[in-house]
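Worksheet for the structure shown next.
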Amino acid sequence: MFYIKWAFTLIIWGALALFLWYTLPRHDVVQLTGTDIKRVSFEGNTWFWSTTSTGGEVSQDNTADVYMINAIRPNGKPRVYRNQDTGWGWPPYMKFNASDLQAKAQSLVSTQAEPKWVMVRYYGWRFNLRSIFPNAVKVWQVDSPDHTVINWFNIIFLALFGAALIALWRRWQRFRERRIDPVLERIEDWFVDIGFWFTDKRRQFRDWRDRQRT
C-alpha cells in the first residue's frame, strides 16, 4: 500500500507539472526565416491544436489551413511554430490576432547575412513524431541572440499557485484532524472491541468444551 500511495502521488504531481509546462508561456530568441500556410490533419492529436484553425473552420475530413512560422535558433537548429487563435477556449490566452501576428512575423523575416533576432512568446511543445507544434502568441525584435526576458507572469503565477496549494493542504490537514481522524479512531476502537469480544467468546467456548469433556 505504501508503494501504491507514492506511485499515485507521483502520477498526480507529474501530470500537474506537464500540464503547467505545456500551458504556461515561454520565450525563444530566434531568427525568422519564413512563414507559410500548412494544411494540417488533426487525426489523433486534436488536443494540441485549436479547434478553429487560422485559415477557417475545421473541415469534415478533420483538416484545416494553419499559419506556420519558421525560425532558426542561435545554435543553428530549426524551430517551427504554429500561429492559431485560442479564442475563448483553453489555454486562456484570448488570442484573436493570428492574422496580425502572421503579418508581424513576415515583416521580421531576415537572412543569415543580415539576421534580425526576434523574441517569440509561445506555449506548448514541439514533438516531431506526432506533428505537434508550439503556438506563437507574440513576436518582437530584440537586439541580440543573448537577449533574455524575465518571465514575471510565470514567477507570480507559480508563487500564487504554490501558496494556494499550501493553504489548501493546511485546510485539509485541519479538516482531517477535526473530522476524519476522530471517525477513523472510533472505527479502529470498534474493530478492537469486536476483536476482544470474539476472543472472550472463544475463551468461554473453550472453557465450556473442557467442562463437557470432564
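Values in this text are rule-based calculations from the coordinates and carry no lab data. Keep in mind the model is a prediction, meaning the values are calculated, not measured. Here the Cβ is made from the backbone with ideal geometry for all residues, glycine too, and neighbour counts use every protein chain on show.
Output yes when any residue across region 109-128 is farther than 18 Å from Gly76 by Cα and assigned to a helix (DSSP H, G or I), and no when none is.
No, region 109-128 has no match at all.
Within region 87-108, which residues are free of Cβ contacts under 8 Å to residues at least 24 places away in the same chain and small (Gly, Ala, Ser)?
The answer is Ala103, Ser107.
Among the residues of region 22-42, which ones are outside any loop (DSSP other than H, G, I, E, B), touching a residue at least 60 places away in the same chain (Cβ under 8 Å) and not polar (S, T, N, Q)?
The answer is Tyr22, Arg26, His27, Asp28, Val29, Val30, Leu32, Gly34, Val40.
Identify the residue in region 70-109 that is among the hydroxyl-bearing types (Ser, Thr, Tyr) and surrounded by fewer than 16 Cβ atoms within 10 Å (Cβ to Cβ) and, among all such residues, is farthest from Asp28 (Cα to Cα).
Once the filter is applied, the top-ranked residue is Ser99.
I'd like the residue in region 128-157 that is farther than 30 Å from Ser107 by Cβ and touching a residue at least 24 places away in the same chain (Cβ under 8 Å) and, out of all such residues, is surrounded by the most Cβ atoms within 10 Å (Cβ to Cβ).
Looking at residues that are farther than 30 Å from Ser107 by Cβ and touching a residue at least 24 places away in the same chain (Cβ under 8 Å), I get Phe157.
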